[in-house]
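Worksheet: the structure to be examined is printed underneath.
The values are calculated or read from the model by the stated rules, or taken from the named source; none is laboratory data. All values reported here derive from a predicted model rather than from experimental measurement. Note: ideal-geometry Cβ built from the backbone for every residue, glycine included; neighbour counts use all protein chains shown. Only protein heavy atoms, including side chains, enter the accessible area calculation; ligands, DNA and RNA are left aside. Shrake-Rupley method; radii C 1.70, N 1.55, O 1.52, S 1.80 Å.
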Amino acid sequence: QVQLVESGGGVVQPGRSLRLSCVASGFTFNSFAMHWVRQAPGKGLEWVAVISEDGSLKYYRDSVKGRFTISRDNSMNTLYLQMSSLRPEDTALYYCAKMGVKDGYKIGIDYWGQGTLVTVSA
Amino acid sequence: DIQMTQTPSTLSASVGDRVTITCRASESITSWLAWYQQKPGKAPKFLIYKASSLESGVPSRFSGSGSGTEFTLTISSLQPDDFATYYCQQYNAYPYTFGQGTKLEI
C-alpha cells in the first residue's frame, strides 16, 4: 500500500531555514508527480508546490516563490522541501502528497502523508 | 490564480439526511475538480475526481456533478462517519487551489 512519511518539521526562528523530507513506498515513485500541501492550525488546505516525475518541472504558489525549493531523489524514493527565509505565516502542518493518474490523465491528489509540523516563531 | 468558493462554510444535518455542498470556480476549469474529506487530526481523504468520478472504495452515497464553474458534492444519506470537513480543489492549472472547506456537523 502507498505510504508517505514526512519528517524534518520543528520550531524555527523567523528568517531561518528548514528542510522537509518525505519517504515514499508502495508505488513506483519515479512515475508520479509529487506535491507539498500545507495547513495552518485550524485553517484550510493550501497547495504549496509540485514537482514532475523526473524533477524537470516545478511550480510554486506565489507566497513561497524564491524562498522554497521542491526537489526529489528518485533513487531514494524521497521528496524534499527546502524552506528558507521562513516567516510566521509559514507555520503549518506540511503534507507530502502524490498526484493521481488514471488513463493518462491527472485526477488530483490521491494519497497524503500524515504531515510534519513547522512552527516559525521567535 | 483560480479562486474556489465553497458554500456553505458550515452545514448542520442529521443521520439519514441528503446534503449538498457547492463549489464555484472563478473561471472555467472544465471538469478538473476533486473533492476531499478531512477529519480532525487526520490527512485528507480523496473522494471524487474529474468532478463526478468516484474514487475506488468510496461509498456510493457520495456523488459529484458539475462542469465549467459550478460543482456540487452530494451525500445521499448521511452516515455517522460522514461528519467531517469537505474541500474542493481545482487541478486545471497551477497553482492548484482549494475551497475554504465546508464543515459538516451533527
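Given the structure, is A:Lys98 among the charged types (D, E, K, R) and open to solvent by 50 Å² or more (accessible area, probe 1.4 Å)? Judged against the criteria, A:Lys98 is not a match.
Considering region B:88-106, the residues that are open to solvent by 10 Å² or more (accessible area, probe 1.4 Å) and not in a loop (DSSP other than H, G, I, E, B) include one that is farthest from the other protein chains (Cβ to nearest Cβ), namely B:Glu105.
Scanning region A:86-104 for residues that are touching a strand residue (DSSP E or B) at 6+ places or on another chain (Cβ under 9 Å) and not charged (D, E, K, R) returns A:Leu86, A:Pro88, A:Thr91, A:Ala92, A:Leu93, A:Tyr94, A:Tyr95, A:Cys96, A:Ala97, A:Met99, A:Gly100, A:Val101. Kindly indicate whether any position in region B:5-13 is in a strand (DSSP E or B), surrounded by 17 or more Cβ atoms within 10 Å (Cβ to Cβ) and either charged (D, E, K, R) or within 13 Å of chain A (Cβ to nearest Cβ) (or both). Yes - at least one qualifying residue is present in region B:5-13. Within region A:51-84, being within 14 Å of A:Ser31 (Cα to Cα) and either part of a helix (DSSP H, G or I) or within 13 Å of the chain's Cα centre (by Cα) (or both) holds for A:Ile51, A:Ser52, A:Arg72, A:Thr78, A:Leu79.
Pairs meeting the criteria (first residue in region A:37-58 and farther than 17 Å from A:Gly9 by Cα and among the polar types (S, T, N, Q), second residue open to solvent by less than 30 Å² (accessible area, probe 1.4 Å) and assigned to a loop (DSSP other than H, G, I, E, B), beta carbons under 8 Å, at least 6 apart or on different chains) are A:Ser52/A:Ala33. Residues satisfying the criterion are absent from region B:6-14 (criterion: in contact with a Leu (Cβ under 6 Å, 6 or more places away or on another chain) and among the polar types (S, T, N, Q)).
Scanning region B:47-64 for residues that are surrounded by fewer than 15 Cβ atoms within 10 Å (Cβ to Cβ) and either away from chain A (no Cβ under 12 Å) or among the basic types (Lys, Arg) (or both) returns B:Pro59, B:Ser60, B:Arg61.
Residues that are part of a loop (DSSP other than H, G, I, E, B), of a type in the set (A, V, I, L, M) and farther than 19 Å from A:Trp47 by Cα: does region B:54-62 have at least one? Yes: one or more hits.
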